[in-house]
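Asker: First, the structure itself, so that you have it in front of you.
A short reminder: the numbers here are calculations on the coordinates, not readings from a lab. Fair warning: this is a prediction, and the values are worked out from it, not measured in the lab.
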Amino acid sequence: MKAHVYPILPKPLARALGHLPRFPGSLLFAAALTRVLGPQLPGDVRAALEGRSISIGVTDAGVRFDVSWRGSRFVALSGADKPDLSIGASARDFLLLAQRREDPDTLFFARRLSMEGDTELGLLVKNTLDAIDVALFDPERLLPARWRRASAN
């Protein structure tokens, strides 16, 4: 299998992203999480996540997404309150985690992944993501069916 090389986010792009307001990005992030992860979450995980706030920071991009699980979906938060759990890593490291090319524990102990706040919630998130099918993160699968059909022609 060919090793993938993921570049570091270019500084001009990171600066531009860092100036974006948090809430609209959190809306998009919450919608994406609902679409990709929502159907995979077991009932007990949904119950444990209910109303808990999670902040995901992409350190090299200077962006942060604040979300919570409410009822049957992730919702965006304004980011005004201190979250129950904050997770931070570079865009490259998040991509490596999503594709299971890197282990979260390895990144954590190498200080490339940070986690602050409720430890029990952090372990729940980590274990839940470990149990989810990695094929969910295939970019082709994330496109709406009509776009996949159009791109196949």
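Asker: If I take every Cα pair under 8 Å that is 6 or more residues apart in the stretch 76-137, average their sequence separation and divide by the length, what percent do I get for the relative contact order?
Answerer: Computed over the stretch 76-137, the figure is 40 percent.
Asker: Only bridges whose two residues both fall in the stretch 1-127 count here: according to DSSP, what percent of them are antiparallel, nearest 5?
Answerer: Working: 15 of 21 bridges.
So the antiparallel bridges amount to about 70 percent of the total.
Asker: Which whole-Hz couplings ³J(HN,Hα) result when phi for each residue of the stretch 39-44 is put into the Karplus expression 6.51 cos²θ - 1.76 cosθ + 1.60, θ = phi - 60°, listed in order with x for Gly and Pro?
Answerer: With coefficients 6.51, -1.76 and 1.60, one gets x, 8, 7, x, x, 5 Hz.
Asker: Provide the gained length on full extension for the span residue 50 to residue 72, in nm with one decimal, where the gain is 0.36 nm per separating residue minus the Cα-Cα distance.
Answerer: Working: separation 22, 0.36 × 22 = 7.92 nm, distance 0.93 nm.
Contour length minus the Cα-Cα distance gives 7.0 nm.
Asker: Would you mind calculating the relative contact order of the stretch 20-102 from Cα pairs under 8 angstrom and at least 6 residues apart, reporting the percent as a whole number?
Answerer: Relative CO of the stretch 20-102 lands at 33 percent.
Asker: Report, by chain and number, residues whose modeled amide H sits under 5 Å from the one on residue 61, excluding near sequence neighbours (fewer than 5 apart, same chain).
Answerer: Hits under the 5 Å cutoff: 91.
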